[in-house]
1. Could you check, for segment 312-322, whether at least one of its residues is part of a strand (DSSP E or B), on the phi < 0 side of the Ramachandran plot and at pLDDT 85 or above?
2. Only helices (runs of 4 or more DSSP H) wholly contained in segment 326-399 count here; list those with 2 or more residues that are over 30 Å from the mean Cα position of the chain (by Cα) and at pLDDT below 75.
3. Any residue in segment 64-79 that is surrounded by fewer than 16 Cβ atoms within 10 Å (Cβ to Cβ) sitting within a Cβ distance under 6 Å of a residue that is modelled with pLDDT of 90 or more? List the pairs, counting only those 6 or more apart or interchain.
4. Go through the residues of segment 196-212 one by one and say whether even a single one is over 21 Å from residue 110 (Cβ atoms), out of contact with any helix residue (DSSP H, G or I) (no Cβ under 9 Å at 6 or more places or on another chain) and surrounded by 13 or more Cβ atoms within 10 Å (Cβ to Cβ).
5. Just to be sure, is residue 262 touching a helix residue (DSSP H, G or I) at 6+ places or on another chain (Cβ under 7 Å) and loosely packed, with under 15 Cβ neighbours inside 10 Å?
6. Out of all the residues in segment 38-61, which are touching a strand residue (DSSP E or B) at 6+ places or on another chain (Cβ under 9 Å), closer than 11 Å to residue 234 by Cα and at pLDDT below 85?
7. Of all residues in segment 242-267, which are touching a residue at least 12 places away in the same chain (Cβ under 8 Å) and under 14 Å from residue 214 (Cα atoms)?
8. Which of the residues belonging to segment 242-266 are in a loop (DSSP other than H, G, I, E, B), closer than 26 Å to residue 288 by Cβ and touching a strand residue (DSSP E or B) at 6+ places or on another chain (Cβ under 9 Å)?
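The values are calculated or read from the model by the stated rules, or taken from the named source; none is laboratory data. None of the values given here were measured: they were computed from a predicted structure. Reconstructed Cβ throughout: ideal geometry from the backbone, glycine too, with neighbour counts over all protein chains shown.
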């Protein structure tokens, strides 16, 4: 919160709130050109400002009550604020979106099942059963059906062995040989596709699904108890509060469902993303400036709204044109864009300088270790467990 002191010198000690200080560099340059002094202050409730139904809060309240002349801090231009105070021309544009924790890698335990979807596995099982029944019928077309059950079991075992490229089925009838020939072609095709994908999934299983769209976020709220939050009494929160859309209303309910969901600063929202299933809603530009490691977070492709950032002024402030002129000069010279890039680069310097070992290994030859083949051992363990249980049951029956 900046209060211009054009006639009186500023105090020696300034009360500066760090989260609201990013546009100060812009203001310093403006003050040197226009020649005025200013004192930095912060609102008592540490908020940008919103209308709670009775009065204004935060920095907007200080402007309305003439406790300050100008408010800096990536102040979003909204209709409500525009009706209460004056604004300069926008010096930057942004979009309201949501950010989540980057999806984690899939566990390798069940990687042997990932080359095919569940639907494909179901079709494979049905194919084995269908071909086994058909082969049994063809083989015994002119025989008594008494031995069908025993032959069906043996035939199903042979069909399953064919999928594993094992076993031999002695079909003497021409009709059975034709069916068996096409079954082997089917098996070769299926196994080739499986083997080609299995190695890739065992070495690099990929990531769990991410939330990229508003509809996916709403679905996660309904089905996975996913939480959504933003800065309390901010312009972003107002968008959801005043919206009549069903999806935005569901997101608003999630915001109000837990006090932890509404935070006081972007950094707090980003921290919540890392601690639980939480999506933080905010301006992409300002949120990126607070991200310390870009590898930890993922921005959604969808956005809720586009808006501009500007300097807010008290209703009786008479020097807005001077600020607008300076902002145009800074925009035309590309200075504002450069400052924003510098802020983001400085904040993310440590994160971008770190080399992710997993990313470094992507281009190298990968030798499979125990972690890569743990799925095979898991299946073997399950098989041994089931066999032991069946053996115990048979022993109890024959006692």
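1. Yes.
2. 374-398
3. 66/314
4. yes
5. Taking the combined requirement at face value, the residue does not satisfy it.
6. Across segment 38-61, the qualifying residues are 47, 48, 49, 50.
7. Listed by number, the residues that qualify are 247, 248, 250, 251, 252, 254.
8. Scanning segment 242-266 gives 258, 264, 265.
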